[in-house]
Amino acid sequence: MLQPGDIIWLRGELGAGKTTLAQGIARGLGVNEPVLSPTFTLIREHRGRLPFFHADAYRLEGAEQAADLGLQDYFERGGVFAIEWAEHIADALPEERLDVLLEGGMDEHRRITLTAYGERYAQRLNQLEETLASAGFRDNG
Ligand SMILES: Nc1ncnc2c1ncn2[C@@H]1O[C@H](COP(=O)(O)OP(=O)(O)OP(=O)(O)O)[C@@H](O)[C@H]1O
Ligand SMILES: [Mg+2]
């Protein structure tokens, strides 16, 4: 369901599964090269059905450091932009985004909470709920 220009915040503590989820998103976008953690490279770019930009702001603090990333260029390239530790550079990012919070991780069980910021993503969540419901999944909160 991802569309050109989508921005996803992957949130959760160290080891929550953000990079792993990014790998799943990449698979869904048809990327067929390895998706590695961008902790040191800050942004990695992959080619799929849409361009997939995978960023990690863990080592950044504040809008000034974020400016070095040239984020605006990425936002304008019609890809999907997924970022770990976005809260470190929140001031440099658009407010509208899909927020994905991962919790748990001591075993294979994880809770995923999706929050839409902006109408664009609210519609997408409705669409996702319908798809999940028709596939027999129940929304438990
Ligand atoms: N859904 C899952 N089921 C089972 N294991 C998982 C799942 N998601 C992640 N893991 C495992 O948890 C570990 C940490 O995952 P990952 O690197 O994706 O976390 P992260 O949130 O990106 O961490 P960081 O904050 O350091 O970037 C890895 O060993 C990974 O294989
Ligand atoms: Mg990671």
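When the residues of region 43-91 are narrowed to those that are aliphatic (A, V, I, L, M) and more than 16 Å from ligand 2 (Cβ to nearest atom), which ends up modelled with the lowest pLDDT?
Let us first name the residues in region 43-91 that are aliphatic (A, V, I, L, M), namely 43, 50, 55, 57, 60, 63, 66-67, 69, 71, 80, 82-83, 86, 89-90.
Narrowing the set further to residues that are more than 16 Å from ligand 2 (Cβ to nearest atom) leaves 50, 63, 66-67, 69, 71, 80, 90.
Numbers: Leu50: 97, Ala63: 78, Ala66: 83, Ala67: 82, Leu69: 81, Leu71: 90, Val80: 97, Ala90: 93.
So, considering only residues that are aliphatic (A, V, I, L, M) and more than 16 Å from ligand 2 (Cβ to nearest atom), the one modelled with the lowest pLDDT is Ala63.
Among the numbered criteria (1) among the small types (Gly, Ala, Ser); (2) free of Cβ contacts under 8 Å to residues at least 24 places away in the same chain; (3) more than 10 Å from ligand 1 (Cβ to nearest atom), which single criterion is violated by Gly24?
(3)
Anything in region 118-137 that is surrounded by 12 or more Cβ atoms within 10 Å (Cβ to Cβ) and at positive phi? List them, or say none.
Within region 118-137, just Gly118 meets the criteria.
Taking only region 1-30 into account, find how many residues are crowded, with 18+ Cβ neighbours inside 10 Å, in a loop (DSSP other than H, G, I, E, B) and not hydrophobic (A, V, I, L, M, F, W, C).
Adding up the residues that qualify gives 3.
Taking the residues in region 14-42 that are near ligand 2 (Cβ under 10 Å from one of its atoms) and of a type in the set (A, V, I, L, M) as candidates, determine which candidate is nearest to Ile83 (Cα to Cα).
Per the stated criteria, the residue is Ala22.
Could you please find all residues in region 31-52 being surrounded by 17 or more Cβ atoms within 10 Å (Cβ to Cβ) and either over 23 Å from Ala122 (Cβ atoms) or within 16 Å of ligand 1 (Cβ to nearest atom) (or both)? Steps first, answer last, please.
So the first thing to find is which residues in region 31-52 are surrounded by 17 or more Cβ atoms within 10 Å (Cβ to Cβ), and the list is 31, 35, 38, 42, 44, 46, 48, 50-52.
Across region 31-52, the qualifying residues are Val31, Val35, Pro38, Leu42, Arg44, His46, Gly48, Pro51, Phe52.
Residue-wise test of (1) in contact with a Lys or Arg (Cβ under 7 Å, 6 or more places away or on another chain); (2) under 16 Å from Asp56 (Cβ atoms).
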site: His88; (1), (2): no, yes
site: Asp91; (1), (2): no, no
site: Pro94; (1), (2): no, no
site: Val100; (1), (2): yes, yes
site: Gly104; (1), (2): yes, no
site: Glu108; (1), (2): no, no
site: Asn126; (1), (2): no, no
site: Thr131; (1), (2): no, no
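Counting just the residues of region 81-117 that are surrounded by 17 or more Cβ atoms within 10 Å (Cβ to Cβ) and of a type in the set (Gly, Ala, Ser), which one comes out farthest from ligand 1 (Cβ to nearest atom)?
Here the answer is Ala116.
The values are calculated or read from the model by the stated rules, or taken from the named source; none is laboratory data. Just so it is clear, the model here is predicted, and its values are computed rather than measured. Cβ atoms come from the backbone with ideal geometry, glycine included; neighbour counts cover every protein chain shown.
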